[in-house]
Amino acid sequence: MGFLPKLGRHEERIIRNRSLSGEKPISIDENVVQLETAIAASKSFAKISDAVKPLIRARALTRMITKQQFEDVEIQSYILSASNLDLKTRFEGQGEEEAPQEKMSLHALRRKSMSALPKIRNRTSTSGFLDADQAESVASSSSLAVPTAMQQHRPSAVLWSQDGSGKVSTSQLEQLSDVKQHTKLPKHRMSAGALENDMMRIASNFGLVPSREVVNGNREQSAPKYFMKSSEDNIPRSRSHSRSGTATVFQLSPMGIQLSVLLNLAANVPSATMSIAEVIKKHIAPPTAQLRCRYVDVISEKLTADVPQYVISFSPSLSFHTLVNTLSKYFELNKLKCSDVYVWVDFLNVNQHSRLVASDVDDLVQILNSVEKVLLVLDRAGVALSSTRVLFEALQATAAQPTQPDSKKKPGKQWSNVDKLVVLPVSYAWNDARHAFVTLPDLGTSVCSKEHGEKDWYLERMARIKSNESASSSSAKSVKETLVMAAKREMQRSERLASINPLRYVQAATTYAMLLYLQYSLSEAEEILHTIKILMDKNGSRDFLDKVEPSYLLHLSLIMREKGQLAEAHRALQVMPSHMVDSSDEIFVDGSTSLVEILTESKQFTKAELLCRKILDTRERACGHHKSAPAVVNMIQLAFISEAQSLYEEAEERANAALRLISQLDGITGLTASACFHILACSCYNTHREEQADKFLDKALAIRLSIMGPHHPLTLESMSLRAVNLAKRKQVSEARSLVSKVHSSRMLTYGLQHVESLKTLGYLADLLRLDGKLEEAEEAEKLLGDAGKSLLKCTRIDKFQSLQYVSAFLSTREHLLDKAAPFLAKAFVTFKEKLGSESEMTVSTVKRLEDVITRESALAAGELETAQLYNLPEKYQAAQVLYKQAWSLAKLIHPEESHKEVAEGLADALFGQGKAMEAKTVLKAAGLVKKGMSDNMPASYLRWLNKRVAKYMDKGLDEKTETPVQADSH
């Protein structure tokens with residue numbers, strides 16, 4: 001069943017304010033007659049009233065209610081039954097014909113039902129009460145005929161007598177029996193019990209039933225549990241609290257709330273870092289605690305709308321001010337005023353004092369289907385992507401819908417509503433959300449903040465969405481692909497107005513580039529950023545460049561760094577404005593932090609430390625005594641720089657200083673504290689203090705496990721450090737077991753071709769070989785080599801860092817030297833073609849090739865010496881293979897040089913096997929033999945010259961050069 005209309009607000013206002021101009025107030029009897037005359041004008045609506053009205057009157061007989069309340073309950077019962085039964089009836093009173101069967105929205109149906117109501121003059125409620133006999137006489141005044149009964153339906157509410165005895169009188173039983181015999185329900189999915197439930201909700205709306213006595217159960221059940229007791233709670237509530245009374249029955253409100261409500265609420269939240277969960281606890285729950293209602297029920301009706309335009313999806317851990325600022329920026333870029341925007345927000349539209357039930361999720365589905373956009377606010381760490389509720393809202397918003405009759409699309413097909421979803425990142429730091437994004441497809445491990453089966457309801461409906469999509473012509477898509485496609489479509493829509501509203505396009509393009517970066521499509525992300533660069537060049541406005549250029553350069557450096565192009569990343573950050581170090585804006589803090597890390601990775605330790613000290617001094621002048629979170633980050637960076645230079649005592653001092661500051665700010669239970677413990681563990685391990693190092697590492701690992709989980713890169717980093725030190729202590733089996741777990745986690749998260757997965761696989765192969773498990777080690781090495789071959793086939797440079805590691809692994813293992821040479825040669829060609837001969841990867845590959853050439857030449861010299869001493873043909877052949885490979889690599893990387901030693905060794909190996917002509921060719925190619933006259937003459941002259949003359953001209957030179965070489969070979 002869909003979500004029920006919000007009663008007691010719009011309808012009640014119309015009922016109470018409508019009047020008959022120039023006429024006297026009508027009595028209760030006249031009102032009933034006029035009401036029934038209007039209702040009877042429609043045959044279909046009469047069927048509803050016949051089914052509902054006797055039930056309301058039977059329940060009214062058991063209580064003391066006012067005349068006004070009795071009228072309003074009757075009127076609203078017709079509205080509710082018409083809305084719930086989805087009848088397409090025009091209440092115009094123009095005959096007995098039924099309206100054509102056409103689909104109508106709930107909002108339109110409610111408006112049509114309101115048009116059928118009589119115009120009642122606005123009057124105050126009477127002070128008298130209606131006893132049972134009077135109520136019965138009013139009920140009997142109805143002119144509507146009651147249809148034949150359906151025996152299987154009966155009222156399921158338990159009625160309590162006025163004397164508090166708990167027994168129902170004989171007259172009441174007779175009334176209920178009459179209702180049972182004369183009530184006929186229309187053929188619809190609603191059961192009699194569900195219809196009675198709705199009537200009781202109307203009674204609660206008007207104070208007829210104490211709100212706390214209404215048990216909020218599943219509305220789909222056939223036997224709901226509502227209780228009415230005779231006590232002081234039977235006194236009707238004030239009509240000013242009608243909305244709050246309804247809120248205790250309906251868990252979700254479908255109303256839209258003006259954006260200004262969020263802005264005003266943010267003005268009353270003093271702390272900029274207070275999370276949404278804390279705001280709910282301190283600013284949402286207290287004002288609604290007494291009435292136990294929703295926040296939307298305690299705000300002015302002028303700030304609400306019947307239908308929201310946007311649904312806001314977020315993580316409760318997100319800062320409330322960050323949420324409001326992100327939404328304000330989005331609507332400002334879209335040229336929308338806060339007074340014109342109506343949103344549906346979880347903590348404002350959902351009752352925080354009661355639990356959701358399964359049917360409330362169905363209500364949420366209809367809300368998501370009715371709005372224009374679903375705005376997914378993505379926090380810095382990507383916590384929202386691990387929320388079951390957020391994933392459900394994203395999937396439901398983009399779920400395939402049947403084509404509407406008036407649509408331009410082909411009827412009978414399914415179309416994806418991906419345009420409805422908009423992703424709004426709150427941070428410039430893309431890499432912080434990487435882990436949450438890559439682990440996103442595992443819906444079963446998502447987190448639901450509430451219990452009592454809510455997660456199972458969301459997962460069930462997500463499975464239903466995927467099954468519907470797979471059954472259609474389009475294949476099922478994961479949430480990750482859905483987010484990327486939604487960001488792409490938003491960018492395409494903004495691109496049409498890029499000349500008018502360039503900042504909107506920049507925001508949409510940046511979001512799309514971010515999601516491409518998170519899924520390791522680095523080249524595509526760089527191309528999207530290039531479009532922003534083109535727009536910057538076209539616009540040329542200084543104000544526009546100041547807003548766009550810093551984020552563009554920061555994100556470009558992130559992409560280049562992920563590709564392994566540290567020089568380009570450094571160059572991009574250097575172009576950022578000079579006031580980056582002195583600024584406290586998030587983008588400049590992230591930029592300066594990233595620049596220090598890049599300098600450290602590039603082993604430019606002096607520059608990194610000077611820059612970090614400058615930033616730290618600036619923070620100290622601004623905040624005083626390093627008492628700020630950015631200053632803590634800079635102190636940890638200084639400790640890491642010292643550790644990278646093997647200055648372990650200095651690193652330990654800096655880490656302890658940072659730890660003392662962290663304990664003053666947030667306590668030593670956060671991720672910054674875990675970073676300090678990790679650095680202290682490294683320093684202790686390298687200074688041979690294993691016991692103390694184990695304690696520090698245990699603390700770091702415990703914090704990272706509790707906050708980030710077992711598969712996060714930070715957690716795996718601490719586990720890898722422990723494995724390395726176990727191996728140093730000769731505990732190879734324990735180290736191998738731990739590395740195997742790390743490798744499994746990284747394979748599960750990132751796949752085989754990620755650089756971290758390959759590093760773990762290579763270290764695992766070394767441990768297996770060290771532990772004597774040669775077959776398993778060879779299998780791991782083969783797997784790594786196959787991954788390298790696949791990487792060589794990649795046309796984009798997104799995974800060149802992985803290719804570089806495979807090259808380094810093969811070139812540093814003696815037993816893999818024969819495989820390393822051809823692989824390095826192909827990697828060198830790839831790097832040179834894609835990145836250029838001056839790039840860092842190309843230069844490092846050249847150095848590895850030179851090392852391989854030196855090692856192969858040394859091995860070949862040993863084989864040749866053995867062959868010459870013992871005249872062993874197989875040794876000559878082995879020397880020839882090694883020298884030939886070294887010769888080929890040498891000519892590849894340095895074609896202009898002679899490589900005399902390698903050429904002479906190869907010639908000796910060939911002469912030893914009797915291959916004199918091949919040996920002469922090698923020597924001539926190396927420039928070690930003077931070329932004959934025939935080699936220096938033009939080809940045209942050689943054709944004219946007598947070949948026999950040319951032969952005799954070079955014969956003497958050949959005899960002179962051949963004899964010394966043969967003598968040296970023996």
Kindly indicate whether any position in region 671-686 is of a type in the set (Val, Ile, Thr), in contact with a helix residue (DSSP H, G or I) (Cβ under 9 Å, 6 or more places away or on another chain) and surrounded by fewer than 18 Cβ atoms within 10 Å (Cβ to Cβ). no
Hey, among 371, 324, 377, which residue is open to solvent by less than 20 Å² (accessible area, probe 1.4 Å), at pLDDT 90 or above and over 23 Å from residue 586 (Cβ atoms)? 371
Out of everything in region 512-527 that is among the hydroxyl-bearing types (Ser, Thr, Tyr) and not in a helix (DSSP H, G or I), what residue ends up being farthest from residue 750 (Cα to Cα)? 521
Which condition does residue 816 not pass, out of (1) at pLDDT 95 or above; (2) more than 38 Å from the chain's Cα centre (by Cα), if it passes all the others? (1)
Identity of the residue in region 899-924, free of Cβ contacts under 8 Å to residues at least 60 places away in the same chain, part of a helix (DSSP H, G or I) and among the charged types (D, E, K, R), that ends up least open to solvent (accessible area, probe 1.4 Å): 920
Mind counting the residues in region 416-433 that are in a helix (DSSP H, G or I), buried (at least 20 other Cβ atoms within 10 Å of the Cβ) and either of a type in the set (D, E, K, R) or modelled with pLDDT of 90 or more (or both)? 3
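From the list 440, 459, 503, pick out the single residue that is touching a helix residue (DSSP H, G or I) at 6+ places or on another chain (Cβ under 7 Å), open to solvent by 20 Å² or more (accessible area, probe 1.4 Å), modelled with pLDDT under 85 and not charged (D, E, K, R).
459
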Please pick out the residue among 864, 889 that is within 53 Å of the chain's Cα centre (by Cα), open to solvent by less than 30 Å² (accessible area, probe 1.4 Å) and at pLDDT below 95. 889
Of the residues 833, 863, 896, 850, which is more than 29 Å from residue 562 (Cβ to Cβ) and either touching a residue at least 40 places away in the same chain (Cβ under 8 Å) or assigned to a helix (DSSP H, G or I) (or both)? 863
Picked from region 826-860 (must be open to solvent by 40 Å² or more (accessible area, probe 1.4 Å) and among the small types (Gly, Ala, Ser)), the residue farthest from residue 918 (Cα to Cα) is 837
Residues in region 536-546: is at least one touching a Lys or Arg at 6+ places or on another chain (Cβ under 7 Å) and part of a helix (DSSP H, G or I)? no
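Residue by residue, here is whether (1) assigned to a helix (DSSP H, G or I); (2) under 30 Å from residue 773 (Cβ atoms); (3) modelled with pLDDT of 95 or more holds:
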{"residue": "660", "(1), (2), (3)": "yes, no, no"}
{"residue": "664", "(1), (2), (3)": "yes, no, no"}
{"residue": "667", "(1), (2), (3)": "no, no, no"}
{"residue": "681", "(1), (2), (3)": "yes, yes, yes"}
{"residue": "688", "(1), (2), (3)": "no, yes, no"}
{"residue": "706", "(1), (2), (3)": "yes, no, no"}
{"residue": "714", "(1), (2), (3)": "yes, yes, no"}
{"residue": "725", "(1), (2), (3)": "yes, yes, no"}
{"residue": "733", "(1), (2), (3)": "yes, yes, no"}
As an exercise: evaluate residue 561 against (1) open to solvent by 30 Å² or more (accessible area, probe 1.4 Å); (2) out of contact with any helix residue (DSSP H, G or I) (no Cβ under 8 Å at 6 or more places or on another chain); (3) touching a residue at least 24 places away in the same chain (Cβ under 8 Å) and give the number of the one condition it does not meet. (2)
Filter result for the condition that a residue is among the charged types (D, E, K, R), out of contact with any Lys or Arg (no Cβ under 7 Å at 6 or more places or on another chain) and within 24 Å of residue 431 (Cβ to Cβ), over 601, 649, 691, 620: 601
Note on residue 576: of the conditions (1) outside any helix (DSSP H, G or I); (2) within 28 Å of the chain's Cα centre (by Cα); (3) not hydroxyl-bearing (Ser, Thr, Tyr), unmet is (2)
Meets criteria (without any contact (Cβ under 8 Å) to a residue 12 or more places away in the chain, among the basic types (Lys, Arg) and either touching a Lys or Arg at 6+ places or on another chain (Cβ under 9 Å) or over 21 Å from residue 438 (Cα atoms) (or both)) for residue 571: yes
Within region 733-788, track down each residue that is under 19 Å from residue 801 (Cβ atoms) and either open to solvent by 50 Å² or more (accessible area, probe 1.4 Å) or among the hydroxyl-bearing types (Ser, Thr, Tyr) (or both). 747, 749, 750, 753, 756, 757, 759, 760, 763, 783, 786
Scan region 289-303 for residues that are crowded, with 20+ Cβ neighbours inside 10 Å and either part of a helix (DSSP H, G or I) or among the aromatic types (Phe, Trp, Tyr) (or both) and jot them down. 295, 296, 297
I'd like to check something: does region 755-770 contain any residue that is outside any helix (DSSP H, G or I) and either in contact with a helix residue (DSSP H, G or I) (Cβ under 7 Å, 6 or more places away or on another chain) or touching a residue at least 24 places away in the same chain (Cβ under 8 Å) (or both)? no
Which one of 306, 346, 340 is under 30 Å from residue 500 (Cβ atoms), surrounded by fewer than 21 Cβ atoms within 10 Å (Cβ to Cβ) and acidic (Asp, Glu)? 340
Which condition from (1) under 30 Å from residue 326 (Cβ atoms); (2) in contact (Cβ under 8 Å) with a residue 24 or more places away in the chain; (3) not in a helix (DSSP H, G or I) is the one that residue 633 breaks? (3)
Just name the residue that is nearest to the chain's Cα centre (by Cα) out of those in region 342-379 that are free of Cβ contacts under 8 Å to residues at least 60 places away in the same chain and within 15 Å of residue 398 (Cβ to Cβ). 368
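The values are calculated or read from the model by the stated rules, or taken from the named source; none is laboratory data. This one's a predicted model, so the numbers in the text were calculated from it and none came from an experiment. Here the Cβ is made from the backbone with ideal geometry for all residues, glycine too, and neighbour counts use every protein chain on show. Note: accessible area is taken over every heavy atom of the protein model, side chains too, but ligands, DNA and RNA are not part of it. Shrake-Rupley method; radii C 1.70, N 1.55, O 1.52, S 1.80 Å.
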